[in-house]
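Coordinate-derived values only; no laboratory data. Not measured: the values here are computed from a predicted model. Neighbour counts are summed over all protein chains in view; Cβ atoms, including those assigned to glycine, are modelled from backbone coordinates with ideal geometry.
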Amino acid sequence: MANLFSPESAPYKFMSRLTDIVKLSLLWLLFSLPVVTMGISTIAAFTVTLKMAEETEGHIGHDFLKAFKANWKQGIPMSFITIICIWAVYLDFQIFNAVTENAIVFLIIGIVAAYVFGFSLLYVYPLLARYENTIVNCLRNSFRISMKFFLRSLLLVLILAFELAVIFWNGTTLFVGMLMGPAFIMYTVSAFAIKMFRELDKAV
């Protein structure tokens with residue numbers, strides 16, 4: 001029984017990681033409430049989840065707040081960029097559903113926009129959290145990394161889609177998802193991204 005509660009035991013590590021994910025999710029939700037700070041909060045959360053993926057994290061709250069204070073300049077523009085990209089794709093598919101003539105054109109535009117925007121945003125927040133670079137370069141690099149590691153990126157997208165489907169399955173899963181979903185999703189992205197970043201760093 002003593003081993004069960006040892007810091008080195010698997011159950012202890014699992015519960016510790018789960019607690020960290022819940023803490024980080026709540027911090028992300030709280031600091032994203034003004035909406036315009038969502039980008040800052042997301043960069044800060046990825047700063048933590050990248051460390052979690054490398055198993056080098058320290059104090060979750062301290063690391064998050066430190067990264068939040070340091071990323072205003074890039075975080076606020078990323079809030080608007082993310083919202084605009086999502087809104088543009090959503091609007092295009094809404095137009096596709098509404099029009100009767102030349103609807104296929106809007107479908108193609110929507111698919112292309114979702115492809116470009118999706119892969120441009122897939123790794124942009126981890127890149128901003130890990131490297132010193134401009135937003136434009138990070139968006140470009142996110143798309144380039146997605147293309148270089150296309151199969152892994154596609155697998156990541158499928159996993160994220162599954163996680164979102166589970167979260168929105170019903171009211172209970174949505175409640176649990178609100179408590180741990182944001183950080184869990186970012187942790188999933190970080191687990192993929194950190195391996196790619198290491199490979200690219202070695203190649204430089």
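Listed values, structure above:
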{"read-out": "Orientation-averaged projected area, Cα convex hull of the chain (nm²)", "value": "13.9 nm²"}
{"read-out": "From phi via Karplus (6.51, -1.76, 1.60), per-residue ³J(HN,Hα) for the stretch 51-56 in Hz, x at Gly/Pro", "value": "5, 5, 5, 8, 6, 10"}
{"read-out": "Distance between modelled label sites at residue 161 and residue 99, nm, 7 Å Cα→Cβ extension", "value": "2.5 nm"}
{"read-out": "Unsatisfied cross-links (Cα-Cα over 25 Å) in the set 148/195; 66/202; 51/73; 69/148", "value": "66/202; 69/148"}
{"read-out": "Options 137, 104, 184, ranked by Cα towards positive dipole end of the chain, top entry (Cβ charges)", "value": "137"}
{"read-out": "FRET E, pair residue 195, residue 107, Förster distance 30 Å, beta-carbon r, rounded to 0.05", "value": "0.30"}
{"read-out": "Loop-located GluC sites (Glu not before Pro) in the stretch 25-100 whose Cβ has at most 13 other Cβ within 10 Å (DSSP)", "value": "55"}
{"read-out": "Spacing of the two label points (7 Å from each Cα toward its C-beta) at residue 54 and residue 115, in nm", "value": "3.4 nm"}
{"read-out": "Rough spin-label spacing in nm, given labels placed 7 Å along Cα→Cβ, for residue 16 and residue 176", "value": "2.4 nm"}
{"read-out": "Charge dipole magnitude, Cβ of K and R +1, D and E -1 - the stretch 1-136, Cα centre, debye nearest 20", "value": "320 debye"}
{"read-out": "Square roots of 5 times each gyration tensor eigenvalue, C-alpha, the stretch 7-98, largest first, Å", "value": "31, 17, 10"}
{"read-out": "The stretch 26-69: mean projected area of Cα convex hull, nm²", "value": "2.7 nm²"}
